[in-house]
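Okay, so here's the structure we're looking at.
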Amino acid sequence: MDWARAIEINHAALTRIVAALIAMLGLAAEGAAARLPQPLYRRALSVLRPAESAVRRLIVIIAKGIVMKPHAVRPMPKGLALARVGGARASFQLFDSRKRFGPSRRWSAGRKIAPRVFVFGASPLVPLFQPRQPDRAEPEIDDGMVGAARLLRRLAAVRTALDNLPRQAKRLARWQARRERMASPRFKSPLRPGLPPGYCRQPKHEVDAVLRECHALARDALNEDTS
């Protein structure tokens with residue numbers, strides 16, 4: 001297997017896809033708005049999620065055979081400037097988000113159970129025991145815009161990772177070394193079981209084909225390392 005050629009082809013494709021996504025969102029200039037039209041937001045997310053998974057698998061391929069020792073925990077040097085987007089650090093996540101099984105967090109967070117207290121009979125103290133009615137907030141105006149700060153951070157992180165894949169591969173090797181030292185880690189592989197995040201069975205965009213290729217190559221790379 002010509003790993004160098006495979007990395008070169010997929011890296012060029014992902015660089016082109018991310019550049020087109022940045023141009024589509026108008027992020028070439030600094031000070032981009034943190035709100036986007038909802039259709040544009042969804043379209044960008046449908047490309048960004050598989051692009052993240054493909055870049056993650058490209059890093060797995062490059063990290064094949066790299067052995068690193070985990071860094072000792074030490075305080076951050078003073079005066080070190082961090083690349084930030086919208087006030088938050090842009091750092092690419094090296095492992096897939098795991099699937100959640102059980103009640104939805106959104107559903108459970110939205111339901112708030114309050115005690116029901118009833119006081120019968122007329123008494124001057126009755127108003128003290130009656131639950132206070134919450135003030136009704138003003139209805140929000142639906143202007144069709146969506147907050148995109150987190151989306152922009154993720155896009156910046158992908159671009160940064162693509163600009164220096166060898167550095168990201170070393171980060172992954174150190175992450176794996178730390179996992180090996182843990183007594184009972186939740187997971188050791190950066191790739192989650194099954195299909196990757198953003199995977200589409202019927203490719204609709206170039207990034208879907210790139211993700212499929214990178215996923216197969218990353219699986220082969222992991223199998224070679226464990227054999």
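The values are calculated or read from the model by the stated rules, or taken from the named source; none is laboratory data. Everything numeric here is computed off the predicted structure, so don't read it as measured data. FYI the Cβ positions are ideal-geometry reconstructions off the backbone, even for glycines, and counts take in every protein chain you see. To get the accessible areas, we keep the full protein, side chains included, count just its heavy atoms, and leave off ligands, DNA and RNA. Shrake-Rupley method; radii C 1.70, N 1.55, O 1.52, S 1.80 Å.
Per-residue answers, yes or no, for (1) over 21 Å from ALA6 (Cβ atoms); (2) touching a residue at least 40 places away in the same chain (Cβ under 8 Å); (3) of a type in the set (Val, Ile, Thr):
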site: VAL158; (1), (2), (3): no, yes, yes
site: ASN164; (1), (2), (3): no, no, no
site: ARG178; (1), (2), (3): yes, yes, no
site: SER184; (1), (2), (3): yes, no, no
site: LEU191; (1), (2), (3): no, yes, no
site: GLY198; (1), (2), (3): no, yes, no
site: VAL207; (1), (2), (3): no, yes, yes
site: VAL210; (1), (2), (3): no, yes, yes
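What about GLN176, is it open to solvent by 40 Å² or more (accessible area, probe 1.4 Å), part of a helix (DSSP H, G or I) and closer than 12 Å to PHE95 by Cα?
Yes.
I need a count of the residues in the stretch 146-159 that are over 10 Å from VAL55 (Cβ atoms) and open to solvent by 70 Å² or more (accessible area, probe 1.4 Å).
Looking only at that region, the number is 1.
So, of the residues in the stretch 180-221 that are assigned to a helix (DSSP H, G or I) and at pLDDT below 85, which turns out to be most open to solvent (accessible area, probe 1.4 Å)?
ARG181
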